[in-house]
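Laboratory data are not the source of any read-out in this text; all were calculated from the coordinates shown. All figures in this text were calculated on a predicted structure; none of them were measured in a lab. FYI the Cβ positions are ideal-geometry reconstructions off the backbone, even for glycines, and counts take in every protein chain you see.
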2 protein chains.
Amino acid sequence: MATTPLFLPDVFLPVPSHRALAGRVEAAMHGSVERAAAVGAPPRLREALSYAVFPGGGRLRPQLCLVAALACGDADPDSADGAAAAVELLHCASLVHDDMPCFDDADARRGKPAVHKAFGEATALLVGDALIVQAFAEVGRTPRAGALVSTLAEAAGATRGIIAGQAWESEPAVALDAYHRAKTASLFEAAAAMGAIAAGADPEPWRAFGDAVGRVYQSADDIADATADPRALGKPVGKDAELGRPSIVRTRGLDGARAKVEAQLRAAHDAIPSGPGELLVRSWIERFAARAGL
Amino acid sequence: MATTPLFLPDVFLPVPSHRALAGRVEAAMHGSVERAAAVGAPPRLREALSYAVFPGGGRLRPQLCLVAALACGDADPDSADGAAAAVELLHCASLVHDDMPCFDDADARRGKPAVHKAFGEATALLVGDALIVQAFAEVGRTPRAGALVSTLAEAAGATRGIIAGQAWESEPAVALDAYHRAKTASLFEAAAAMGAIAAGADPEPWRAFGDAVGRVYQSADDIADATADPRALGKPVGKDAELGRPSIVRTRGLDGARAKVEAQLRAAHDAIPSGPGELLVRSWIERFAARAGL
């Protein structure tokens, strides 16, 4: 892919342009959606799967996965692409199911009607299921299938993954930290760890970094839900308050939330694993923070 | 496990008693549900997961998986147990989502209220998702993760797996054979293939056998939907006709369906892979046919 060397290339790995990184993510997503519903699949489901994945949102999770893989040397780009696609497919699945009437009952997503509004609830239910299955298929075909599947399953799962995060919303009480950890940080953590695993590197320092990035993201998202223009965000706002959801803004107030997210961003910078990929990672997180208005 | 040698044990592998086989399946299911929602998981989700899996129905798919593994020598019982649990978790997930109001809107399953009736739709949606995730986690932790994950994903998927089968129900027209293949035979095929893979054997002859068993099962199920007492079946009957679903009874009439299922059963017997496990497999399929009233 096209790269822009910003620093001594024999000390630091080259930093890919945002355009190159984003392009690689989209190529991986297109491949995975093609495989999810190949020729011969029920046509309506096939169309709905594509609708649920394209055009994407920020694609932060697959970017984080590829950034980690690149920083670790990207020894197996196909596995890294599979891991990145898997993480984003799982995220898309959670959005489709989360928007359904029995959950958030959100009519719009990414500036267009939610999947259940465009295709009906039965198809939306199946789209979410199919995206989960394809996420595992994407990592199942890699040489490091075992470690990647296990990492993804934990991040998705009912104990401390996304599904647990959604389920905590139906419980009478939940700690904000456990809720945010399960609902958001778990998949960011897995994204970074899976990038490292795909490249044959030790995932542990990347787990800590991914978790830190996920916490920044969730706080910024809570602030956006309380303050943003729904047209700019492409989805309804004020949902946390309306649904009585835990939110850092409800817990700390807007100023407290803003102070917290700044501290979380510093912690994420401090958690960047040292090595020749450091500059590449720093460049990515700075763009991420700018996009989140931090 | 306890076995009852029925024939020359140096020529044919011992045939496990039904009780031993069923006990091994239940032990595998209990382990997998414990792992799906461990201590610390949202309590309501944890309870609903267990409710969705226990008590089971016939557990035919995991039995088929273990029978294939045993017939292939069962060199890695832990992997075989993981594969068997994975297949049944996926089946349970499809039942939970299929019973929801946006699909079949079925109030009862296995003689008790459906998951969405007992726990609400939001929890039922998450239970299905969590069961899919755990299915992949169960095979992700085995030494043959790659082949098992890929086989399971294809059987679940949107091109020709269970999800495709459910999606065909929303299409204006579908061929009965493609529909039955996707909705039912795909997972039976995967169950047998995964048992062989877990034991380190060639899955191909087992695919053909599993597919043949799945076709018998689907025809018998269509006949039961048209003729059975709902109390004996533990779920509503007449759903195929009510929902305009393709059914072998609608296509061929009751006598034609009965003739077809007899031919399918003979084909399944003919597809039993030859080898020292042949008697064991034959014994299982005879019990299966008797249970289905064939």
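Could you check which residue among B:191, B:201, B:83 shows the biggest mean-square fluctuation in a GNM of chain B with a 10 Å Cα cutoff?
Fluctuation is largest for B:201.
By its C-alpha gyration tensor, with a ≥ b ≥ c as the square roots of the eigenvalues, how is chain A shaped: rounded for a/c under 1.5, else prolate for a/b larger than b/c, else oblate?
Values: a/c = 1.63, a/b = 1.12, b/c = 1.45.
Here chain A falls in the oblate category.
Count charges around residue B:289 for me, please; just the other residues with Cβ under 15 Å from its Cβ, Lys/Arg as +1, Asp/Glu as -1. If you can, show how the numbers build up before the last one.
Working: positive: B:215, B:258, B:260, B:266, B:282, B:287, B:291; negative: B:221, B:262, B:270, B:286.
Cβ neighbours under 15 Å give a net charge of +3.
Could you go through segment B:98-111 in sequence order and give the Karplus-derived ³J(HN,Hα) for each residue, using 6.51 cos²θ - 1.76 cosθ + 1.60 with θ = phi - 60°, rounded to whole Hz, and x for Gly and Pro?
Those phi angles translate into 5, 7, 5, x, 6, 10, 7, 6, 9, 7, 10, 8, 6, x Hz.
Can you tell which of B:101, B:203, B:42 shows the greatest fluctuation in a Gaussian network model of chain B with Cα springs below 10 Å?
B:42
Specify whether the C-alpha gyration tensor of the protein assembly as shown places it in the rounded, prolate or oblate class, a ≥ b ≥ c being the square roots of the eigenvalues: rounded for a/c under 1.5, otherwise prolate if a/b is larger than b/c and oblate if not. Each step should come with its number before you reach the end.
Numbers: a/c = 2.07, a/b = 1.61, b/c = 1.28.
Since a/c reaches 1.5 and a/b is larger than b/c, the shape of the protein assembly as shown is classed as prolate.
Using the crude model of +1 on Lys and Arg Cβ and -1 on Asp and Glu Cβ, and no other charge, please compute the dipole size for segment A:1-133 relative to its Cα centre, in debye to 20.
Values: 11 positive and 16 negative charges, 68 e Å.
With Lys and Arg at +1 and Asp and Glu at -1, about 320 debye.
Hey, what did chain B get for relative contact order, percent, Cα under 8 Å, at least 6 apart? Write down the numbers at each step before the final one.
Working: 463 pairs, mean separation 61.8, N = 294.
Dividing the mean separation by the residue count of chain B yields 21 percent.
To the nearest 0.05, how large is the calculated FRET efficiency for residue A:263 and residue A:175 if R₀ is 22 Å and r is the Cβ-Cβ distance? Don't skip to the end; give the middle numbers.
Details: r = 19 Å, r/R0 = 0.84.
Using R0 = 22 Å, I get an efficiency of 0.75.
Rounded, prolate or oblate, given the Cα gyration tensor of segment B:154-294, with a/c below 1.5 counting as rounded? Write out the running numbers ahead of the final one.
Details: a/c = 2.10, a/b = 1.37, b/c = 1.53.
Oblate shape, in that a/c is at least 1.5 and b/c is the bigger or equal ratio.
Just tell me how shielded B:96-102 is by partners: mean number of partner chain Cβ atoms within 10 Å of each residue's Cβ, no decimals. Don't skip to the end; give the middle numbers.
Values: counts 0, 5, 2, 0, 4, 4, 11.
Averaged over the peptide's residues, the number is 4.
Treating the point 7 Å from Cα along Cα-beta-carbon as the label, what are the nm separations from residue B:255 to the other copies, to one decimal?
From this label point to the equivalent ones elsewhere in the assembly: 8.7 nm.
For label points placed 7 Å from Cα toward Cβ, what is the shortest-first list of nm distances from residue A:77 to its copies?
The projected label point of residue A:77 is separated from its counterparts by 4.7 nm.
Shielding by partners for A:176-185, please: the mean number of other protein chain Cβ atoms within 10 Å of each residue's Cβ. Mind showing how you got there, number by number?
Working: counts 0, 0, 2, 1, 0, 0, 3, 0, 0, 0.
Going residue by residue through A:176-185 and averaging, the value is 1.
Other chains near B:139-146: what is the mean number of their Cβ atoms within 10 Å of each residue's Cβ?
Values: counts 6, 13, 5, 3, 1, 2, 10, 10.
For this peptide, the per-residue mean of nearby foreign Cβ atoms is 6.
With charges set only on the Cβ (+1 for Lys and Arg, -1 for Asp and Glu), what does the dipole of segment B:193-294 come to about its Cα centre, in debye to the nearest 20?
On the way: 14 positive and 14 negative charges, 52 e Å.
I would put it at about 260 debye.
Got a sec to turn the phi values of segment B:280-289 into Karplus ³J(HN,Hα) couplings, 6.51 cos²θ - 1.76 cosθ + 1.60 with θ = phi - 60°, whole Hz, x for Gly and Pro?
Values, residue by residue: 4, 5, 4, 4, 5, 5, 5, 5, 4, 5 Hz.
With each run of n ≥ 4 DSSP H residues scored as -39500 (n - 2.57), what mean residue ellipticity at 222 nm is computed for the protein assembly as shown after dividing by its residue count and rounding to the nearest 500 deg cm²/dmol? Walk me through the numbers on the way to the answer.
On the way: 30 runs with 392 residues, N = 588.
Using -39500 (n - 2.57) per qualifying helix, the result is -21000 deg cm²/dmol.
Of B:135, B:263, B:108, which has the largest mean-square fluctuation in a 10 Å C-alpha GNM of chain B?
Looking only at B:135, B:263, B:108, the biggest GNM fluctuation is shown by B:263.
Output wanted: per-residue J couplings in Hz (rounded whole) for segment B:69-75, from phi through Karplus 6.51 cos²θ - 1.76 cosθ + 1.60, θ = phi - 60°, x for Gly and Pro.
4, 4, 5, 8, x, 6, 5
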